[in-house]
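Notes to accompany the following structure.
The values are calculated or read from the model by the stated rules, or taken from the named source; none is laboratory data. Keep in mind that this is a model prediction, so the values were computed, not measured. Virtual Cβ from ideal backbone geometry, glycine too; neighbours counted across all protein chains shown.
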Amino acid sequence: MSLRWSVYLDHDDDGRFDGPDEDISQAVLAIRWRRGMEGPHDSVAQPGQAEVTLRNRDGRFSPERGELAPGRLLQIRSHDGAQSRVHFSGHVARVEPQAGAHGARRALLIAQDASAQLAAYPIRLPPMNARHADEIIARCLDAVPLRRARLQGTWLLGQASHSELGSNTRLAPLNIRRHPGRDPDRLARVGDTWLAGIPALAAIAEVCAAVRGRFHIDHEGQAVYLSRHHLLQHIEAQASFRDDMQGLRYSWADERVSQVEVLLTPRRQGPPDTVVWTLLQSLPVLRSQRVLLRFRDEYGQPCAALDLMAPAAGRDWRANASPDGSGAELTARVTLLLREVGISAALLEIRNSARVTAWLQTGARLRGTPLYRGDPLLVTQRSLGSQNRHGPATLRLDLPALDSLTQARSLARFELARRQAPRGFVHSMQLEGAAQVRPALARRLFDRIRIGETQTGHQDDYFIIGEAFEVSPDSRPRLSWRLESAGKPFWSLGRRRLNRDAVLAW
C-alpha cells in the first residue's frame with residue numbers, strides 16, 4: 001500500500017475536521033513542515049511551521065474571494081494502509097496566492113504551531129514563591145490569549161454566531177491542551193528579571209533552562225513539558241537504524257567540556273511598606289488612562305515587588321486641576337486601580353470623573369515589599385583530567401531564574417558528568433524514499449532511537465529533538481531528524497551499577 005498524505009482545514013471551528021470541504025488533499029501539490037529544537041540541549045522548541053502548496057485555479061484559497069482567514073486550524077496526516085497518523089497541527093498564519101489568471105494559479109498556505117503565538121505575546125506574572133517549573137509554565141500559558149483549536153459553540157464578544165444569549169454562551173475551554181511533566185525542583189522566585197514583560201516563550205525558556213527541562217508543542221498541538229528526569233528514565237530505544245539511512249552529519253568531540261560555569265542571581269527581600277515606584281512629573285488624566293509602572297529601588301535600579309499595596313489617596317497620591325498643585329483639589333474625583341500586577345511591573349488604571357483634566361501630582365508612589373537582586377554568583381565544576389588530557393573547553397550557563405547555590409552545584413556536576421569525555425555524535429540523520437520514511441513516521445519528538453554506522457564505527461542512542469519533512473509529486477519524501485545524544489547512563493535503582501557503568505544524576 002502506497003503512502004498517502006492528507007491536509008485538513010477546520011472551516012467550522014469544531015476541532016474535528018469532518019465537515020464538508022475540510023479535506024483539501026485533492027488540491028495539495030507539496031507539503032513541508034519543521035518542528036522541534038534547533039540544537040542539542042535547547043530548552044524550548046522553536047515555533048513549528050508547515051507550508052502547503054495548493055492548486056488555486058478556482059480562487060478558493062484566495063482569502064479575498066473566499067472565507068479563508070488567519071487562525072483556521074490546519075492538520076497534516078499520513079496514511080500507510082494500516083494506520084493514520086497526525087504529524088502537524090497549527091493555525092493558518094498567512095496565505096500567499098499567486099496573482100494572474102494565466103499563471104500557475106497556486107497558493108502557499110503557511111501555518112504555525114502555538115509556539116509562534118507564545119513568542120509574540122509579552123507577559124508579566126504575579127509573585128510566585130517556591131513553585132515547581134511545570135506550575136510556572138502553566139501560569140505562562142494561562143497568561144496568553146492563544147487562539148483556541150475549537151470555537152464552535154463558545155462565547156466570543158461581538159462575533160456573529162458566537163455571542164447569542166442562551167445559545168452560544170459557553171466559555172471557551174482551556175486555551176491549549178497540555179501534557180504536564182512534574183518537576184522535582186522548586187524555583188524560589190521567577191519573573192523579577194522580566195521588567196515590563198517578556199515574550200511567553202522566552203519566559204518558559206528561562207524556567208526550563210534553570211531546571212534543565214524541555215518544552216515543545218507536539219504534533220497534535222498540545223503543549224508538552226518534560227522534566228530532565230523524563231529523558232534520564234527513557235532508556236530503551238524505540239527504533240534502530242544501521243547503515244539504512246540516506247545521510248548522517250557526524251562529528252567527534254565537539255560537545256566535550258572540561259569545565260561548567262553556572263551563573264546564578266541571589267535575591268534578598270526588603271522591608272514591607274517600601275516605596276517601589278515614584279512619579280517624577282505630573283501626569284494629566286482627561287477621563288481614563290492606563291500607565292505601566294516599572295518597579296525601582298531607592299537608587300533607581302530595577303527591582304521586584306512582593307505584596308504590593310493599593311495606593312492610598314492622600315498618603316500615596318494627590319490629584320489637582322493644575323500640574324503644579326496650585327489649582328482645585330481633585331483627589332476625591334480620581335480613582336487609582338492596580339491592573340495586571342506582575343512581580344517587576346504593574347499596570348495602573350487612573351479614572352477621572354471630573355469635567356476638567358486632573359493632574360496626578362509629582363511624588364505619587366507605590367509601596368510594597370521589595371525583592372532585590374544581588375551581584376551574580378559563578379559556580380564552577382572542573383574536570384582536571386579532561387582538561388589536562390584534552391585541553392580546556394568551557395560551558396557557561398547564565399540562569400537568571402536560579403538563586404540556589406545547591407541547585408547550581410548539582411546542575412554543574414550533572415552537565416560535566418555527561419559531557420566531559422570526548423565522544424562521537426550524530427547531529428542529524430536524513431531518510432529518503434517511502435521505504436526509509438514509512439517506518440520512521442511512527443516516531444515522535446523525544447523518542448529514543450539507536451544508530452549504527454559502519455564507516456565511522458559509531459553506535460549509540462539518540463533522542464529525536466527536531467524534524468523537517470517535505471514531499472511533492474515530483475520528488476520522493478524526505479525526512480530529516482535533528483538529534484541529541486542520549487549520553488552516558490545515569491544510575492537508576494535496579495538497572496545500573498553505581499560507579500561502574502553509571503554515575504549519579506541530579
Long-range neighbours under 9 Å by Cβ, at least six apart or interchain, first residue closer than 24 Å to residue 405 by Cα within segment 172-191, second in a strand (DSSP E or B) and small (Gly, Ala, Ser): 189/304; 191/304
Breaking point among (1) over 14 Å from residue 221 (Cα atoms); (2) modelled with pLDDT of 90 or more, for residue 18: (2)
Among the listed residues 353, 383, which satisfies the condition of being of a type outside the set (D, E, K, R) and exposed (fewer than 15 other Cβ atoms within 10 Å of the Cβ)? 353
Matching residues in segment 10-52 (over 19 Å from residue 472 (Cβ atoms), of a type in the set (A, V, I, L, M, F, W, C) and assigned to a strand (DSSP E or B)) number 1
Residue that is modelled with pLDDT of 95 or more and within 16 Å of the chain's Cα centre (by Cα), where the choices are 7, 44, 52: 44
Answer residue from segment 270-306, given it is among the aromatic types (Phe, Trp, Tyr) and assigned to a loop (DSSP other than H, G, I, E, B) and is farthest from residue 332 (Cα to Cα) among those: 299
Which pairs turn up if I take residues in segment 33-47 that are closer than 14 Å to residue 231 by Cβ and look for partners that are aromatic (Phe, Trp, Tyr) with beta carbon separation below 7 Å, at least 6 apart in sequence or on another chain? 43/215
Can you work out which of the residues in segment 397-451 that are of a type in the set (Asp, Glu) and in contact with a Lys or Arg (Cβ under 7 Å, 6 or more places away or on another chain) is modelled with the lowest pLDDT? 403
Residue under evaluation residue 233, criteria (1) within 20 Å of residue 449 (Cα to Cα); (2) among the polar types (S, T, N, Q); (3) in contact with a Lys or Arg (Cβ under 7 Å, 6 or more places away or on another chain), criterion not met: (3)
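Which ones in segment 322-371 are of a type in the set (Asp, Glu) and closer than 17 Å to residue 294 by Cβ?
Hits for segment 322-371 are 340, 349.
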Over segment 322-352, the set of residues touching a residue at least 12 places away in the same chain (Cβ under 8 Å) and among the acidic types (Asp, Glu) is 324, 340, 349
Return the residues of segment 241-269 that are part of a loop (DSSP other than H, G, I, E, B) and closer than 30 Å to residue 371 by Cβ; say none if nothing qualifies. 265, 266
Here, strands (runs of 3 or more DSSP E) confined to segment 56-142 with at least 3 residues that are among the β-branched types (Val, Ile, Thr) and under 21 Å from residue 221 (Cα atoms) are 84-97
Checked segment 227-285 for anything loosely packed, with under 15 Cβ neighbours inside 10 Å and among the aliphatic types (A, V, I, L, M); matches are 235, 239, 253, 280
Identify, please: which residue in segment 158-194 is charged (D, E, K, R) and assigned to a loop (DSSP other than H, G, I, E, B) and is, among those, modelled with the lowest pLDDT? 164
